[in-house]
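Derivation of every value follows stated rules applied to the coordinates shown; laboratory data play no part. Worth saying up front: this structure is predicted, and the values here are computed from it rather than measured. All Cβ positions, even for glycine, are placed from backbone atoms using ideal geometry, and neighbour counts span all protein chains on display.
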Amino acid sequence: MTTLRSLTANLALFALLTLSVGQALAGQLVVHFMISSGVQRTAWVSMVDRFAAANPDIQVINREWPQETYKAEFEATIAKEPIDIAFWFAGERLNAMAAKKLIVPIDWETVRGLRAVMSKPTLDATVIDGGTYGFPLSYYPWGFFYRKPLFEQLGIAVPTSKDDFRRISQRLKDAGIAPFAVGAINGWPAAAWFDYLNLRLNGIAFHQKLLSGEIPFSDPRVKAVFVEWKDLLNKGYFHEPSMALDWDGVFPYLYRDQVGMVLMGGFAGAKIPANIKKEIGFFPFPHQVSKVPMTEEAPLDVLVLPAKGKNHRDAHRFLKFLAQPANLNAYNESVNQISPLKQVPLSKDAFMNSQRAILDQAASLTFFFDRDANAALVKPVFNGIRAFLNPPHDVDAALHQIQVEIAAAKGL
């Protein structure tokens, strides 16, 4: 009996010590996240709160920033602050952070679990030199938003070819409606037009070589893209007042039938008012050259582990929690984006299902200009596009400006 009491006492003491040590080691998990909409913020905060409730030994510090601020300050922030998990982008931006050793790979045990549940293309997109540097969070296609009742009223069908595209653009203009709007103040929404015209005219292999810097912007095939774009501008197909707006500033014009189509990422669906969402349709950028396969822009958002993080152990716990289908699928359904998991139920939202169909039918995927391009190209091309969008839409001047700024960015 003495031995049993002694053993019981020792076990109780061990449990107490274990609890004390656990409490002492209970660390802070610092999370930085980029916010694009109120809906996204609500969904993310809800996910963080669920993790915190399921893991009371971890104090989660969740910090959020608006999109442009976050992107501009990301590198400087993770280089100096102890952040455990951060939102970022797959593609060249992920490669650059890994090359600078500002982020570290996800551990092999977690990756093994992710490979069992994640779609192979999304997880493979985060592998750099054998290490998995990103947790696929969401992806989404770019395409044209349009108002279905307006198309029906004007007898317009969704275009699938260049001829269809031009025909419905003129039909909209004849009805007093600007066919297109692009909020170009920050550069990247307009870059989607360049990406798609280049992909549709010249194909993905040329596009990738151009964005890597292997092919210069003085190449005549690039000029052909700008000439095609200039023709659309000269025909008065773009809504001029929206050129000076941000990406979300153009959508009210769409809702009021002042604009027929807006080329934007599927994430924008989270900002569409619930009372009109059923009226909004979505279709891919049409063929421009029939023999060129349909590559789609599908930016992949990821979570990364900054190298200066102090609590990577609990960061991996968070990633494993998020990878559960009940969590990751629910988050993506809430924010109108596509879950990277292998098993995703059909959405209750027809708009979401149309986006997934576009990705399923794509011949190949790219991530988007400023996620795919060499860093030295991004600002010069954005500046050149903004200049080009202003009359007289001088192609040669824009391309010369781009080449000069790229050379300066590279120190040439």
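List every residue pair whose Cβ atoms sit under 8 Å apart, with the two residues 6 or more apart in sequence or on different chains, where the first one lies in the range 309-330 and is under 13 Å from residue 138 (Cβ atoms) and the second, anywhere, is polar (S, T, N, Q). Here the result reads 328/339; 329/339, each pair linking the range 309-330 to a residue that is polar (S, T, N, Q). Could we say that residue 106 is under 30 Å from residue 345 (Cα atoms) and crowded, with 16+ Cβ neighbours inside 10 Å here? The answer is yes for residue 106.
Within the range 180-221, the residues that satisfy the criterion of being outside any helix (DSSP H, G or I) and under 18 Å from the mean Cα position of the chain (by Cα) are 182, 183, 184, 186, 187. Selection of helices (runs of 4 or more DSSP H) fully inside the range 333-412 by the criterion of at least 1 residues being of a type outside the set (Val, Ile, Thr) and surrounded by fewer than 21 Cβ atoms within 10 Å (Cβ to Cβ) returns 350-361, 375-389, 395-409. Within the range 50-64, is there a residue that is free of Cβ contacts under 8 Å to residues at least 12 places away in the same chain, within 30 Å of residue 361 (Cα to Cα) and outside any strand (DSSP E or B)? No, because not a single residue in the range 50-64 is free of Cβ contacts under 8 Å to residues at least 12 places away in the same chain, within 30 Å of residue 361 (Cα to Cα) and outside any strand (DSSP E or B). Note on the range 222-248: residues that are surrounded by 20 or more Cβ atoms within 10 Å (Cβ to Cβ) and more than 23 Å from residue 198 (Cβ to Cβ) total 1. Tell me, yes or no, whether the range 99-114 has at least one residue that is in contact (Cβ under 8 Å) with a residue 60 or more places away in the chain and within 21 Å of residue 362 (Cβ to Cβ). Checked the range 99-114: no residue is in contact (Cβ under 8 Å) with a residue 60 or more places away in the chain and within 21 Å of residue 362 (Cβ to Cβ). The single condition among (1) part of a strand (DSSP E or B); (2) touching a Ser or Thr at 6+ places or on another chain (Cβ under 6 Å) that residue 106 does not meet is (1).
Select from the range 124-157 the residues that are charged (D, E, K, R) and assigned to a strand (DSSP E or B) and list them in ascending order. Scanning the range 124-157 gives a single hit, 147. Being touching a strand residue (DSSP E or B) at 6+ places or on another chain (Cβ under 9 Å), touching a residue at least 60 places away in the same chain (Cβ under 8 Å) and not in a strand (DSSP E or B), is that true of even one residue in the range 25-38? Yes: one or more hits. Applying the condition of being in contact (Cβ under 8 Å) with a residue 60 or more places away in the chain and surrounded by fewer than 22 Cβ atoms within 10 Å (Cβ to Cβ) to the range 249-265 and asking which residue is nearest to residue 36 (Cα to Cα) yields 249.
Working only within the range 250-306, note down all residues that are part of a strand (DSSP E or B) and charged (D, E, K, R). The answer is 296, 297, 301.
Among the residues making up the range 136-190, those that are small (Gly, Ala, Ser), touching a strand residue (DSSP E or B) at 6+ places or on another chain (Cβ under 6 Å) and over 30 Å from residue 327 (Cα atoms) are 169, 178, 181.
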